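Chemist: One structure coming up, written as structure tokens, with questions to follow.
The values are calculated or read from the model by the stated rules, or taken from the named source; none is laboratory data. This one's a predicted model, so the numbers in the text were calculated from it and none came from an experiment. Reconstructed Cβ throughout: ideal geometry from the backbone, glycine too, with neighbour counts over all protein chains shown.
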Amino acid sequence: MNYKELADLIFPNAKDISYYEEKYPERDLQEGAIVTRFAPSPTGFVHIGGLYQALIARKLSKQTKGVFFLRVEDTDQKREVENGVSGIVNSLKDFGLEPDEGMITETREIGNYGPYQQSRRKEIYQSYAKYMITQGKAYPCFCTPEEGEELRKTQEQAKIRPGYYGVWAKCRKLSLEEMAEKIKSGMPYIIRFKSQGREDKKIKHKDIIKGNVEFPENDQDIVIIKADGLPTYHFAHAVDDHLMRTTHIIRSDEWLSSVPLHLQLFQELGFKAPKYAHIAPIMKNDCGNKRKLSKRKDPEAAVSYYKKVGIPKQAVKEYLLNIANSSFENWRRANKEADIDDFELQLNKMSVSGALFDMVKLLDVSKIVISNFDAITVYNESLKWAQEYDKELEEMLLDKEYSLKVLGIERNNSNKPRKDLAKWEDVKENIIYMYDNKFFEEKIEYEWQKVNNLSQIKDILNVYLGKYYDENADKEKWFNDIKDLAEEFGFAREVKEYKKEPDKWKGHVGDISTIIRVALTGRHNTPDLYEIMRVLGSQSIEKRINKIRE
RNA sequence: GGCCCCGUGGUCAAGCGGUUAAGACAUCGCCCUUUCACGGCGGAGACAUGGGUUCGAUUCCCGUCGGGGUCACCA
């Protein structure tokens, strides 16, 4: 019995690896092109950290005219979740991060390096596992999971480094004949990597983000093919990223300590190793401690959260880019109109330690993003959001022509757009009073400010409507009219005048316009009153004022 | 516990041997303004700690402390 015969016994039908090497040739790309991927497992919703990774990976590939693909790592069927793949695909789509290759629906994929779903690559892994066995670099292991558990316990009790390695690697010592015999007798088994590494030797590695790191060599005979015939992450990573011709692995830094193993695997398989960039995860402050954003505890961990509250995708991406490269902020200030694709991301400038997620900052970014939208975009986006999450808003927005005017207040023709919208969720509260049906439906508690004597308020409003209000007035005339009105009632025309001699007046123009503002909108804080009145129109204005005169 | 990574204001962060230690968010004050949201100006606020090396350390080295990761037939 030799390795070859053992390999044939285990994987009689596996193709020779040369078949795959030819089928998936080197990619013909320009020098420096980065081929990278987003490779999540379909075990639940997409995490903001995953989106962060995908954003960075895609950006880099676009910057270098490379390839960004989506590979689904579904080798653990136990943890798999229903519609997991479409969840991932749709989340990427929601943020405009569609891949060039890979899964595009739950079952469909594009690209020449597939399948892009690991569960459908079983025979590929088996070919490479067979190759490893043939080379004497892997072997079948007949230890049961329970035996493995026991082994770990004894090791822990004896304070020995746990694992399947060296003298503890029982099956490694079996003769080929013993192995063959057990297999023929139908004993279940897994395939383990036969590590040549030594724990007392160091391996140096240069990570693009983390820089130089030094680890002990891997000496663990890790499993490469599980009992169900599917590979473990490590083996799949080596085989897939070689065959898919990935040049850069961009992944979360929890993988950093696996680098020695991965490098070893690439080496033993005869593959050229890719470059690694381990990015620090996004953290959350939890009672003074840093921890990863948790799917269970933090709603903002799920990317669906941002869609739900209506934070534009641009805002989320800009915020994330900000965390990735702080120079983004300066770039953005200098290039207000530019598309974020034009920003050049630098991997080696990324922070080595995890940033705390800052919702306040995200909202600030979002405010700026939305303030740069024109009324039509604000309209379209909030309508799209409302259709899914807020029927009442949707109904309001049905009157498109009017809504555009409302949303255009201090936005159209303004170089200083309002910044009071951070998310589409905020829209309704901001504009609801502008709609007559909502305004009159609502029972309003008018909170008058300085002038709060109702009969005086009615007087002032009467005079305003009867004598001064002119629906066609331009802003200057409009304001002058109000000043005249103020004067007529003993209020200063200018705030400054009033401040100089407060005793001389009952108040100032501001107090008068506040009356009008509160009467028309039911609130003290609103955008520019003149613009509001232009949008409302004379009919609505009269109706609103009459409501108070009643 | 072993191994590995990290430690600049409340947060994100520039700086990487000599700096008044940038900037952004948040916060406070003032100005602008008929309200608010903006905008402008200003304030407060940081190199975890102890040793080295050096003429000089936030920057380099070691220890301590603190935080994080990893030690699966999960990814």
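Chemist: Taking the condition of being surrounded by fewer than 18 Cβ atoms within 10 Å (Cβ to Cβ), more than 9 Å from RNA strand B (Cβ to nearest atom) and without any contact (Cβ under 8 Å) to a residue 40 or more places away in the chain, how many residues in region A:274-297 meet it? Talk me through it step by step, then tell me what you get.
Modeler: If we filter region A:274-297 for residues that are surrounded by fewer than 18 Cβ atoms within 10 Å (Cβ to Cβ), which is where we start, we get A:275, A:283, A:285-291, A:294-297.
Filter again for more than 9 Å from RNA strand B (Cβ to nearest atom), leaving A:275, A:287, A:294-297.
Those still in the list that are without any contact (Cβ under 8 Å) to a residue 40 or more places away in the chain too: A:287, A:294, A:296-297.
Adding up the residues that qualify gives 4.
Chemist: Working carefully through the options A:Val365, A:Val360, A:Val369, A:Val378, find the one that is in contact with a Leu (Cβ under 9 Å, 6 or more places away or on another chain) and within 16 Å of RNA strand B (Cβ to nearest atom). Can you show your working first?
Modeler: Numbers: A:Val365 fails: in contact with a Leu (Cβ under 9 Å, 6 or more places away or on another chain); A:Val360 fails: in contact with a Leu (Cβ under 9 Å, 6 or more places away or on another chain); A:Val369 fails: in contact with a Leu (Cβ under 9 Å, 6 or more places away or on another chain).
Only one candidate passes the filter, namely A:Val378.
Chemist: A follow-up question, please. Please specify each residue of region A:120-152 satisfying the condition of being within 14 Å of RNA strand B (Cβ to nearest atom), over 17 Å from A:Gly163 (Cα atoms) and aliphatic (A, V, I, L, M). Break it down into steps so the answer makes sense when it comes.
Modeler: So in region A:120-152, the residues within 14 Å of RNA strand B (Cβ to nearest atom) come out as A:121-122, A:125, A:129, A:138-152.
Of the ones still in play, those that are also over 17 Å from A:Gly163 (Cα atoms) are A:121-122, A:125, A:129.
Answer for region A:120-152, where residues must be within 14 Å of RNA strand B (Cβ to nearest atom), over 17 Å from A:Gly163 (Cα atoms) and aliphatic (A, V, I, L, M): just A:Ala129.
Chemist: Across region A:73-85, which residue is modelled with the highest pLDDT among those that are touching a strand residue (DSSP E or B) at 6+ places or on another chain (Cβ under 9 Å) and more than 9 Å from RNA strand B (Cβ to nearest atom)? If you could, list the steps in order and put the result at the bottom.
Modeler: First, the residues of region A:73-85 that are touching a strand residue (DSSP E or B) at 6+ places or on another chain (Cβ under 9 Å): A:73-75, A:84-85.
The next check asks that each one be more than 9 Å from RNA strand B (Cβ to nearest atom); those that pass are A:84-85.
Details: A:Gly84: 90, A:Val85: 94.
Of everything passing the filter in region A:73-85, A:Val85 is modelled with the highest pLDDT.
Chemist: Take region A:203-216 and flag every residue that is near RNA strand B (Cβ under 10 Å from one of its atoms) and not hydrophobic (A, V, I, L, M, F, W, C).
Modeler: Listed by number, the residues that qualify are A:Lys204, A:His205, A:Asp207, A:Lys210, A:Gly211, A:Asn212, A:Glu214, A:Pro216.
Chemist: Same structure again: Please find, among A:Lys499, A:Lys416, A:Lys477, the residue that is basic (Lys, Arg), outside the structural domain of A:Gln539 (by TED's automatic domain parsing) and exposed (fewer than 15 other Cβ atoms within 10 Å of the Cβ).
Modeler: Working: A:Lys499 fails: outside the structural domain of A:Gln539 (by TED's automatic domain parsing); A:Lys477 fails: outside the structural domain of A:Gln539 (by TED's automatic domain parsing).
Within the list A:Lys499, A:Lys416, A:Lys477, the selection yields A:Lys416.
Chemist: Which of the strands (runs of 3 or more DSSP E) found entirely inside region A:179-226 contain at least 3 residues meeting this: hydrophobic (A, V, I, L, M, F, W, C) and touching a residue at least 40 places away in the same chain (Cβ under 8 Å)? Give the derivation first.
Modeler: Working: elements: A:190-193, A:202-207, A:211-216, A:223-225.
By residue number, A:190-193, A:223-225.
Chemist: Moving on to the next point. Looking at region A:308-405, what helices (runs of 4 or more DSSP H) fall wholly within it and have at least 2 residues that are in contact with a Ser or Thr (Cβ under 9 Å, 6 or more places away or on another chain)? I'd like the intermediate steps shown before the answer.
Modeler: Values: elements: A:313-324, A:327-334, A:359-371, A:375-389, A:391-397.
Output list reads A:313-324, A:375-389, A:391-397.
Chemist: Let me ask you something else. Output the residue which, of all residues in region A:240-255 that are in a helix (DSSP H, G or I) and not hydrophobic (A, V, I, L, M, F, W, C), is farthest from RNA strand B (Cβ to nearest atom). Before the answer, list the steps.
Modeler: The first filter runs over region A:240-255 and keeps only residues in a helix (DSSP H, G or I), leaving A:240-243, A:253-255.
If we keep only those that are not hydrophobic (A, V, I, L, M, F, W, C) as well, we get A:240-242, A:253-254.
Numbers: A:Asp240: 10, A:Asp241: 12, A:His242: 16, A:Asp253: 6, A:Glu254: 4 Å.
So, considering only residues that are in a helix (DSSP H, G or I) and not hydrophobic (A, V, I, L, M, F, W, C), the one farthest from RNA strand B (Cβ to nearest atom) is A:His242.
Chemist: Among the residues that make up region A:298-317, is at least one of them under 19 Å from the mean Cα position of the chain (by Cα), near RNA strand B (Cβ under 10 Å from one of its atoms) and within 18 Å of A:Gly49 (Cβ to Cβ)?
Modeler: Checking region A:298-317: not a single residue is under 19 Å from the mean Cα position of the chain (by Cα), near RNA strand B (Cβ under 10 Å from one of its atoms) and within 18 Å of A:Gly49 (Cβ to Cβ).
Chemist: Let me ask something else. Scan A:Leu404, A:Leu398 and give me the residue that is of a type in the set (A, V, I, L, M) and free of Cβ contacts under 8 Å to residues at least 12 places away in the same chain. Talk me through it step by step, then tell me what you get.
Modeler: Details: A:Leu404 fails: free of Cβ contacts under 8 Å to residues at least 12 places away in the same chain.
Of the residues listed, the single one that is of a type in the set (A, V, I, L, M) and free of Cβ contacts under 8 Å to residues at least 12 places away in the same chain is A:Leu398.
Chemist: Applying the selection to region A:21-41, what residues are within 26 Å of A:Gly84 (Cβ to Cβ) and not in a loop (DSSP other than H, G, I, E, B)? Even if it seems obvious, please write down each step before you answer.
Modeler: Taking region A:21-41 and keeping what is within 26 Å of A:Gly84 (Cβ to Cβ), we get A:24, A:35-41.
Listed by number, the residues that qualify are A:Val35, A:Thr36, A:Arg37, A:Phe38.
The rows are residues; the columns are (1) touching a residue at least 24 places away in the same chain (Cβ under 8 Å); (2) over 28 Å from A:Ile88 (Cβ atoms); (3) crowded, with 20+ Cβ neighbours inside 10 Å.
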site: A:Pro12; (1), (2), (3): no, yes, no
site: A:Tyr20; (1), (2), (3): yes, no, no
site: A:Ser41; (1), (2), (3): yes, no, no
site: A:Leu51; (1), (2), (3): yes, no, yes
site: A:Leu55; (1), (2), (3): yes, no, yes
site: A:Lys65; (1), (2), (3): yes, no, no
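Chemist: Hey, another quick one. Applying the selection to region A:423-445, what residues are surrounded by fewer than 17 Cβ atoms within 10 Å (Cβ to Cβ) and of a type in the set (Phe, Trp, Tyr)?
Modeler: A:Phe440
Chemist: Please go through region A:409-444 and pick out each residue that is over 23 Å from A:Asp364 (Cα atoms) and without any contact (Cβ under 8 Å) to a residue 24 or more places away in the chain.
Modeler: Within region A:409-444, A:Asn437, A:Glu441, A:Lys443 meet the criteria.
Chemist: Of the conditions (1) more than 20 Å from A:Glu146 (Cα to Cα); (2) at pLDDT 95 or above; (3) among the hydrophobic types (A, V, I, L, M, F, W, C), A:Phe193 fails just one. Which one is it?
Modeler: (1)
Chemist: When the residues of region A:95-136 are filtered to those that are crowded, with 20+ Cβ neighbours inside 10 Å and in a loop (DSSP other than H, G, I, E, B), which remaining residue is nearest to the chain's Cα centre (by Cα)?
Modeler: Going through the qualifying residues, I end up with A:Phe95.
Here's the yes/no breakdown for (1) charged (D, E, K, R); (2) on the phi > 0 side of the Ramachandran plot; (3) in a loop (DSSP other than H, G, I, E, B); (4) within 10 Å of RNA strand B (Cβ to nearest atom):
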site	(1), (2), (3), (4)
A:Glu447	yes, no, yes, no
A:Gln456	no, no, no, no
A:Lys483	yes, no, no, yes
A:Glu497	yes, no, no, no
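Chemist: Please tell me if A:Asn472 is within 13 Å of RNA strand B (Cβ to nearest atom) and free of Cβ contacts under 8 Å to residues at least 24 places away in the same chain.
Modeler: Values: within 13 Å of RNA strand B (Cβ to nearest atom): no; free of Cβ contacts under 8 Å to residues at least 24 places away in the same chain: yes.
When the stated conditions are applied, A:Asn472 does not pass them.
Chemist: In region A:318-342, what residues are more than 8 Å from RNA strand B (Cβ to nearest atom), without any contact (Cβ under 8 Å) to a residue 24 or more places away in the chain and surrounded by 12 or more Cβ atoms within 10 Å (Cβ to Cβ)?
Modeler: A:Phe328, A:Trp331, A:Arg332, A:Asn335, listed by residue number.
Chemist: Those residues that are among the charged types (D, E, K, R) and not in a helix (DSSP H, G or I), I need them from region A:48-78; list them, please.
Modeler: Looking only at region A:48-78, we keep the residues that are among the charged types (D, E, K, R), and these are A:58-59, A:62, A:65, A:71, A:73-74, A:76, A:78.
Those that are among the charged types (D, E, K, R) and not in a helix (DSSP H, G or I): A:Lys65, A:Arg71, A:Glu73, A:Asp74, A:Asp76.
Chemist: Let me ask something else. I'm told A:Ser258 meets every condition in (1) in a helix (DSSP H, G or I); (2) out of contact with any helix residue (DSSP H, G or I) (no Cβ under 8 Å at 6 or more places or on another chain); (3) free of Cβ contacts under 8 Å to residues at least 40 places away in the same chain except one. Can you identify the failing condition by its number?
Modeler: (2)
Chemist: While we're here: Taking region A:221-239, which residues are surrounded by fewer than 21 Cβ atoms within 10 Å (Cβ to Cβ) and more than 6 Å from RNA strand B (Cβ to nearest atom)? Spell out the reasoning first.
Modeler: The first filter runs over region A:221-239 and keeps only residues surrounded by fewer than 21 Cβ atoms within 10 Å (Cβ to Cβ), leaving A:222-223, A:226-230, A:232-234.
Of everything in region A:221-239, those that are surrounded by fewer than 21 Cβ atoms within 10 Å (Cβ to Cβ) and more than 6 Å from RNA strand B (Cβ to nearest atom) turn out to be A:Ile222, A:Asp228, A:Gly229, A:Leu230, A:His234.
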